[in-house]
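To keep things clear, I will list the structure first and then write my remarks on it.
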Amino acid sequence: MTMKRMTIMGTRHVVAAGHYLAAHAAFEILEAGGNAIDAGVAAGLAIGVLQTEKVNIGGVAPQIIYTAKDRKVHSIDGLGVWPAAVTPDYFMKKYGGKIPPGVERCVVPAAPDAWITALSKFGTMSFGEVASAAIRFASEGFPMYPLMADFIGANTEYYGRWPSSKKVFMPGGKPPVPGKVFVQADLGRTLKYMADEERRAAKRKGRKAGLQAARDAFYKGDIAKTVTQWITGQGGLMRYDDFANFKVNFEPTVKSKFGNIDVHACGAWSQGPALPMALNILKGYDLKALGHNTPQYIHVVTEALKLAFADRHQHFGDPKFVKVPLTGLLSERYAQWRRTLIRDDKAWPEMPPAGDPKTLSALENICMPVPQADEAPGPGDTSYVCVIDHHGNAFSATPSDGSDKTPLVPGVGIICSGRGTQSWADPSHPSSVAPGKRPRLTPNPALALKNGKAYMPFGTPGGDVQIQAMIQVFLNINVFGMSVQDAVEAPRFANYSYPGSFEPHPYFPGRLYLESRIDKSTGEALATLGHKVYWWDDMTWLAGSVCTIVSDHAQGVLHGGADPRRPAYVLGW
């Protein structure tokens with residue numbers, strides 16, 4: 001019998017985060033009187049230290065925030081832009097259409113601005129206060145844990161490629177081992193420098209001026225100068241002005257109704273809209289009658305996701321540069337038409353055609369890569385944090401940017417966001433490279449409301465598996481009535497029948513993975529429908545690591561769940 005974790009419940013505040021020490025950092029802030037935004041930022045900064053193989057302080061940090069006093073939903077993109085010096089055909093000319101590892105794929109780091117903007121607009125505490133745990137974990141170290149040690153060990157060729165990365169991630173020339181204290185001294189100094197600059201300015205001019213000074217220390221001070229000078233020396237395109245002129249954006253969320261629940265997702269600068277689009281297709285089925293994880297249920301959910309991902313590939317890109325027909329894509333009329341393309345008796349053998357929401361007709365798929373041979377799809381990865389406080393404020397964020405394909409900047413201890421890996425070198429793709437343009441981001445936190453109040457922030461790491469894992473947990477809770485932790489732990493499936501979001505955008509037509517706790521007979525039935533079935537372990541980190549909190553408004557109780565597939569944890573009070 002598998003031992004399960006229990007759902008953590010609280011009446012005052014609950015936090016669920018991708019690492020147990022980050023959850024604790026957020027909980028301490030809540031206990032000290034901070035709100036959900038203060039706590040969420042504290043966890044996000046801590047994750048940028050504790051999970052630096054997957055998330056970086058110099059990375060991305062998209063957020064959806066609910067403020068209870070005015071019952072409003074806000075979204076900060078937390079996503080950097082390509083430097084001014086890049087040209088749309090840069091990678092076509094120089095690398096034959098590849099976007100190689102290294103400094104040439106760097107976009108402006110957005111996470112520091114995103115965290116500080118959230119604090120400034122919605123928080124109550126200083127950067128120094130919420131960054132104190134992150135500073136300690138970087139300067140004094142934290143115990144290395146198995147998942148991070150395994151990842152670094154499996155990617156030593158990348159970490160060993162750059163002396164600055166090797167020095168930190170392979171101390172003494174070897175990957176770190178679990179249980180050994182892992183220190184990132186340069187990163188600690190960088191965060192402390194920002195906090196010191198804040199303290200000086202706040203003494204004279206108050207909290208907001210202090211937060212601005214912390215931000216300026218990164219984007220206009222010594223950090224910006226050091227990072228951009230080093231990148232220039234390495235042959236990269238990033239310049240000081242790219243940092244100095246950068247600002248994160250407040251973006252509208254996209255949403256759909258599922259029963260009496262409003263599901264808010266991130267905009268088309270990310271893969272976010274695929275979540276409500278897939279839910280729109282699925283709400284036309286009696287999912288409960290199909291039965292949880294039966295062959296027909298897995299088939300229908302998988303086919304709906306394939307259709308949403310076809311539209312993601314065809315239409316999504318930075319809305320400042322491309323016209324994305326979001327209203328049409330999210331309409332009930334469009335969902336109804338897309339639903340007719342799902343057959344009960346047969347899976348799409350490859351990615352289905354994308355659609356034109358105006359004419360309700362199929363479009364020829366663009367920029368399709370050659371299907372991959374039999375190797376396994378690589379993980380694209382990140383982390384996640386959500387918080388609900390006693391005021392009813394909610395915070396949902398998916399900070400990211402791994403350190404294995406982009407070098408650490410010596411003396412600063414951060415990478416300069418390598419998120420350019422999510423652009424297409426081909427100028428005809430909606431998410432192509434262009435100066436000042438945002439790549440199409442996989443990290444996409446979500447937040448559901450009921451009766452205008454925060455009901456369920458949710459999210460996960462996992463690259464292209466994110467939306468697939470998020471939808472399964474959402475349906476486990478809201479269709480099948482599972483407890484929150486049971487919903488998170490239930491066996492998962494994911495398909496790869498679309499061009500992947502990460503360079504080189506691998507494509508595995510018909511490929512469907514199932515966790516081995518799903519019956520073998522279910523896999524056989526899916527294979528007869530035409531799915532190419534592959535098996536994961538019983539519980540794998542490749543299936544994501546969903547964290548969520550569900551608010552029972554009637555009882556005044558918060559229910560938190562965190563995924564045991566990774567070192568995620570929940571704390572509540």
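Some observations on this one:
- Length available on full extension from K167 to T232: 0.36 nm per residue minus the Cα-Cα distance, which gives 21.3 nm.
- Straight-distance candidates among the lysines for linking to K358, with alpha-carbon spacing under 24 Å and chain neighbours fewer than 8 residues away dropped: K255, K257, K283, K306, K320, K323.
- Summing charges over all other residues whose Cβ lies under 11 Å from the Cβ of E129, with Lys and Arg as +1 and Asp and Glu as -1, gives -1.
- Pairs over the 26 Å Cα-Cα cut-off, from the set K72/K288; K4/K405; K98/K225; K72/K205; K121/K203; K180/K225: K72/K288; K4/K405; K98/K225; K72/K205; K180/K225.
- Its relative contact order, with pairs defined as Cα atoms under 8 Å and 6+ residues apart, puts the chain at 25 percent.
- Each of V103, M125, I135 was scored by the projection of its Cα onto the charge dipole of segment 53-140, and the greatest displacement toward the positive side belongs to V103; charges sit on the C-beta of Lys, Arg, Asp and Glu.
- Surrounding net charge for V479, when Lys and Arg each add one and Asp and Glu each subtract one, Cβ distance under 13 Å: +1
- Span-like helix ranges in the chain, DSSP H, alpha carbon extent 27 angstrom or more, Kyte mean at least -0.5: 295-315
- A448 long-range amide H proximity, modeled H, under 5 Å: H264, Y455, M456, F458
- Rolling a 1.4 Å probe over the protein heavy atoms leaves R12 with an accessible area of roughly 110 Å².
- Added length on full extension, which subtracts the Cα-Cα distance from 0.36 nm per residue, Y240 to M368: 42.5 nm
- Here the simple spin-label model places points 7 Å from the Cα toward Cβ, and for V177 and K69 these points are separated by 5.3 nm.
- Treating r as the C-beta distance of F480 and K4 and R0 as 25 Å, the FRET efficiency rounds to 0.95.
- Simple spin-label estimate for K208 and E375 gives 5.2 nm between the two label positions (7 Å along the Cα-to-Cβ direction from each Cα).
- Among the cysteines of the chain, those whose beta-carbon sits 4.7 Å or more from every other cysteine beta-carbon are C266, C367, C386, C547.
- Chain lengthening between W573 and A32 when straightened (0.36 nm per residue, less Cα-Cα): 193.5 nm
- Amide H contacts of N365 (H built 1.01 Å from N, in plane; Pro and chain starts excluded): A354 sit under 5 Å, all sequence-distant by 5 or more or on other chains.
- Spin-label model, T156/A84: points 7 Å from Cα along the beta carbon direction are separated by 4.4 nm.
- The 3J(HN,Hα) values that the Karplus relation (6.51, -1.76, 1.60; θ = phi - 60°) gives for segment 455-465 are, in residue order, 10, 7, x, 7, x, 6, x, x, x, 6, 7 Hz. Gly and Pro appear as x.
- The R12 and N451 beta-carbon pair, evaluated with R₀ = 30 Å, returns a calculated FRET efficiency of approximately 0.90.
- Peptides ranked, highest mean first, by Cβ atoms within 10 Å: ranges 309-315, 294-300: 309-315, 294-300
- Sorting R511, R517 by solvent-accessible area of protein heavy atoms yields R517, R511, largest first, with a 1.4 Å probe.
- Annotation note: chymotrypsin sites (Phe, Trp or Tyr not before Pro) in segment 190-247 located in DSSP loop regions with a Cβ neighbour count of at most 12 within 10 Å are absent.
- Placed amide H near I8: partners under 5 Å, 5+ positions off or other chain: G560
- In sequence order, segment 57-72 has phi-based couplings of 4, x, x, 10, 7, x, 9, 10, 10, 10, 9, 5, 5, 10, 6, 10 Hz under the Karplus curve 6.51 cos²θ - 1.76 cosθ + 1.60, θ = phi - 60°, and Gly or Pro positions carry x.
- Listed values for segment 157-173 are Karplus-derived 3J(HN,Hα) couplings in whole Hz (6.51 cos²θ - 1.76 cosθ + 1.60, θ = phi - 60°), namely 5, 7, 4, x, 5, 10, x, 5, 6, 4, 4, 7, 8, 10, x, x, x, and x replaces Gly and Pro.
The values are calculated or read from the model by the stated rules, or taken from the named source; none is laboratory data. Given the structure is predicted, the values throughout are model-derived calculations rather than measurements. Counting neighbours? That spans all protein chains shown, and the Cβs are built from the backbone with ideal geometry, glycine included. When the accessible area is computed, the model is the full protein with side chains, heavy atoms only, and any ligands, DNA or RNA have been set aside. Shrake-Rupley method; radii C 1.70, N 1.55, O 1.52, S 1.80 Å.
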